[in-house]
1. All but one of (1) out of contact with any Phe, Trp or Tyr (no Cβ under 9 Å at 6 or more places or on another chain); (2) within 30 Å of W481 (Cβ to Cβ) hold for P98; which doesn't?
2. Pull out all pairs, ordered by first then second residue, where Cβ-Cβ is under 6 Å, the residues are six or more apart or on different chains, the first lies in the stretch 356-382 and is more than 17 Å from A295 (Cα to Cα), and the second is surrounded by fewer than 24 Cβ atoms within 10 Å (Cβ to Cβ) and aromatic (F, W, Y).
3. Restrict the check to the stretch 489-512 and report whether at least one residue is under 22 Å from the mean Cα position of the chain (by Cα), among the polar types (S, T, N, Q) and buried (at least 18 other Cβ atoms within 10 Å of the Cβ).
4. In the stretch 25-66, what count of residues is obtained for those that are open to solvent by less than 90 Å² (accessible area, probe 1.4 Å), in contact with a Lys or Arg (Cβ under 9 Å, 6 or more places away or on another chain) and touching a residue at least 12 places away in the same chain (Cβ under 8 Å)?
5. Confirm whether V203 is out of contact with any Gly (no Cβ under 6 Å at 6 or more places or on another chain), buried (at least 22 other Cβ atoms within 10 Å of the Cβ) and modelled with pLDDT under 95.
6. Residue by residue through the stretch 101-134, note down the ones that are open to solvent by 20 Å² or more (accessible area, probe 1.4 Å) and part of a helix (DSSP H, G or I).
7. Within the set of pairs 6 or more residues apart or between chains, which connect a residue that is farther than 18 Å from V138 by Cα and acidic (D, E) inside the stretch 157-173 to a residue that is assigned to a loop (DSSP other than H, G, I, E, B) and open to solvent by 10 Å² or more (accessible area, probe 1.4 Å) with Cβ atoms less than 9 Å apart?
8. Here is a list: I486, I419. Which entry is in a helix (DSSP H, G or I), of a type outside the set (S, T, Y), closer than 30 Å to G65 by Cα and open to solvent by 10 Å² or more (accessible area, probe 1.4 Å)?
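The values are calculated or read from the model by the stated rules, or taken from the named source; none is laboratory data. Remember, predicted model here, so these are calculated numbers, not experimental data. Cβ: placed from backbone, ideal geometry, glycine included. Neighbour counts: every protein chain shown. We work out accessible area using only protein heavy atoms, side chains counted, and drop any ligands, DNA or RNA first. Shrake-Rupley method; radii C 1.70, N 1.55, O 1.52, S 1.80 Å.
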Amino acid sequence: MSPVLAGVLQLTALVAALALAYRPLGDHMAAVYNSPRHLRVEKIIYRCIGADADAEMRWPAYLRGVLAFSAAGVLFLYLLQRVQGGLPLSLGFASISPDQAFNTAASFVANTNWQSYSGEQAMGHVVQTAGLAVQNFVSAATGMAVAIALVRGFARSRTGELGNFWADLVRGTVRVLLPIAVVGALVLVACGALQNFSGIHEVGQFMGGAQQTNGGAVASQEVIKELGTNGGGYFNANSAHPFENPGAFTNLFEIFLILVIPFALTRTFGKLVGNVRQGYAVLATMGVIWLGFTALMMWSEFAHGGPALQAAGAAMEGKETRFGVGSSAIFSVATTLTSTGAVDSFHSSFTAFGGGIQLLGMMLGEIAPGGVGSGLYGMLVMAIIAVFIAGLMVGRTPEYLGKKIGTREIKLAACFILITPALVLGFTAASMVLPDALASQLNTKALGAGAHGFSEVLYAFTSGANNNGSAFAGLNANTPWYNTTIGLAMLLGRFLPMVFVLALAGSLAEQKPIPETAGTLRTEKPLFAGLLVGTILIITGLTYFPALALGPLAEGLS
């Protein structure tokens, strides 16, 4: 079987699995967030945190809950790393330095999981399980809660109420993420992933010598790493490490975990607004972009442009030989079009155009299908922009799901789409003029023109501000400058957009629905899905094309 055919068959199997899970999972999440009942374990959690889970919240109160909970998470995780040296099961690792501890705490709370450290050489079992793994659950649940709040803004009329953040957070964790994670962890363990609390062992190598390695609760962290679109690996090699990703089946299974909730949330959206066809339109938009990017990536990496690539049969440098080019390409697109950032191959070793596709996927805002929760609310904001553009073209007041899109809504949507590019381009520009930051580009001189070095810096801040977490690893990001600035980019890129999303949700929830007329734009039709795809690509292209021209395009054309 040719590698190309193998890649196409894997993609087909993945689409089939996602299609089978779409309806039951989407309906389950809709029932979870609409349920009037609390489970017994949920009631215990509410008593422990002192929350009234039945109290409705307007958007300022909902936002205060999001920010307070996240701030507490950053502080707790920072302190846990700073005292690691005195904790049990620390494996002899020292406490983490202040700048790196801040970066890591910001990273995991912001659902980014950017890692400027090697997991197996820096973090003990307590930090990995009680700190990082816990944030993998609750940061994902926070994103889902904000998405559901925006959906309620469309569904509710003249109340201004968006539900209860604490109830949404706990339900998303207990009823959605935990059950899937338990089953997924058992699958990974059965396929050979590690799950223990062993210490450091010295293992002999085939060619002589020895290597130190340690175990850990790998499978349980691996499954929520992918399911919650987090991405931070237990080991430095991430999903290319056989302890995290033992074989071809687990590789495909992990891609499925990355995509299943973001895609299924479109069904949840349709159910909650009372029109599943609206969910199908959003799903179609996400699916077209995802499949298009996957096809472009596979073409880029299978193209035989040079003797070395022809001899290898494709661009094999940096690819895990167990998975090959096709599977690595699918994984790469899935992880950069969501906020996952996990890798089963070395992104910096992809072809120049392949690296550009990875960058562009993050620059879209990671909305196809995007992160858990963040992908849905990002896509709905783009839908508001699309109906506004359509309204300008036909001279009508724009409407979406029966709500008028007025000046306030457009200003909030505009702020949402502008904040991330401002962070990416601003921090990248600063890093290209500061000598200490330029010194971190380890392989720029070896590559000559420096286009790849620029791409490394651009990728780092694109990944951080979009809460992805993957990297072009030729950049040494473990410096005070990058630890601090990428940490700030992750926090601001996560929580400032949430401010605008929740304010938008509150504004929509205060409105009275407008009945459909003959002139109402039918947003469940293929025409609108096409308009939405065009809007996303045009806005992203106008924003980032100059930066892409200086980086991956210049490298690919040189």
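1. It is condition (1) that P98 fails.
2. So the pair list comes out as M363/Y544.
3. Scanning the stretch 489-512 turns up no residue that is under 22 Å from the mean Cα position of the chain (by Cα), among the polar types (S, T, N, Q) and buried (at least 18 other Cβ atoms within 10 Å of the Cβ).
4. 14
5. no
6. F102, E120, Q121, V126, T129, A130, V134, listed by residue number.
7. If the second residue must be assigned to a loop (DSSP other than H, G, I, E, B) and open to solvent by 10 Å² or more (accessible area, probe 1.4 Å), the pairs left are E161/E56; E161/M57.
8. When all the criteria are applied, what remains is I419.
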